[in-house]
Amino acid sequence: MNFGERAEARRKAKELKNEMKQLKKELLAAGCEKGTVSTALKDFAGALELGETLRTEYAGARGHMKGAREQIDQLLLCMGESPEEEVGVRLGNLLEELGQVCHECLLRKDDPDFQSSVRGLKKMAGERAQADRSGMAAIMLRSELENIRAVLNDAMVWEAPDFFALAYFLLHGNKGSLKEMENRQRNAYVSAYTKEHFTDAFLRECGKAGVDARAEELIQKYT
């Protein structure tokens, strides 16, 4: 994080802190219980902060996915024509890009199929200098690249999660329960969990003070 990014992060943190102070003041003025308000606003601010981070990381991972797909397309086109050295450089660049495509709601770091394909690609890249481009090694490399591209294509069309709901779940729920879920099921699950355990009750309390619309605006603003 550079100086400008750190300054922006501090500005946002200060802004959010002020927003929470104002919400607390109005909730207490409306007669809400002080301990309940303090706990709820702590959870609210935590989910907003993490949700913003998750959204930013998600966008970054999708950007790397797009870059990786483009690099795979270029590799598949040039493998039979470009010098061996150039192909090796391209493979190295691709592997670097693939190292940045993982996210909790895209390709997970613990996805066995994706990681197996990446390991296979790394092995082939390491053996590339000794391989015959016209032989079986080149065929296997092409097949592995096509497999990875197919996985990336599938993940790129997945629907993005509700980042506030995801953040609240990751802070309070059982993260391990998401491991085997498909994208749509996971998104629905974290949304339902957060609605049941936090959002419905919190917005009802905010409604008593007439600040429910502002709370919803903060969710939209930060996540």
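The values are calculated or read from the model by the stated rules, or taken from the named source; none is laboratory data. Being a predicted model, the structure only gives us computed values, none of them experimental. Cβ placement follows ideal geometry from the backbone for every residue including glycine, while neighbour counts extend to all protein chains displayed. Remember, those area values only see protein heavy atoms, side chains included, never the ligands or the DNA or RNA. Shrake-Rupley method; radii C 1.70, N 1.55, O 1.52, S 1.80 Å.
Annotations for the structure displayed:
- For region 150-209, the share of accessible area belonging to carbon and sulfur comes to 49 percent (1.4 Å probe, ligands and nucleic acids excluded).
- Pairwise label distance in nanometres, Asp212 with Lys17, each label 7 Å out on the Cα-Cβ vector: 3.1
- Mean Cα-pair separation over length for region 88-223, i.e. relative contact order, pairs under 8 Å, 6 or more apart, %: 20
- A Förster radius of 25 Å combined with the Cβ-Cβ distance from Val89 to Thr53 puts the calculated FRET efficiency at roughly 0.15.
- Length added when fully stretched, Gln220-Thr39, from 0.36 nm per residue minus Cα-Cα: 63.0 nm
- Inter-label distance for Lys66 and Cys78, nm, one decimal - labels placed 7 Å from Cα along Cα-to-Cβ: 2.1
- Inter-part distance where region 92-110 and region 48-64 are each reduced to a Cα centre, Å: 14
- Remark: the Lys195-Ala30 segment gains 57.1 nm on full extension, using 0.36 nm per residue and subtracting the alpha carbon distance.
- Helix-derived mean residue ellipticity, 222 nm - over the chain, DSSP H n ≥ 4, -39500 (n - 2.57), to 500: -25500 deg cm²/dmol
- Angle between the chain longest axis and helix 112-127 axis [Cα atoms, degrees, rounded to 10]: 40
- Computed lengthening from Glu180 to Asp113, 0.36 nm per intervening residue step minus Cα-Cα distance: 22.8 nm
- Against the chain, whose longest principal axis is taken from its Cα atoms, helix 212-222 shows a tilt of about 20°.
- Between 0 and 90 degrees, the angle of helix 183-194 with respect to the longest Cα principal axis of the chain falls at about 20 degrees.
- Accessible area per residue for the chain, computed on protein heavy atoms with a 1.4 Å probe, is 57 Å².
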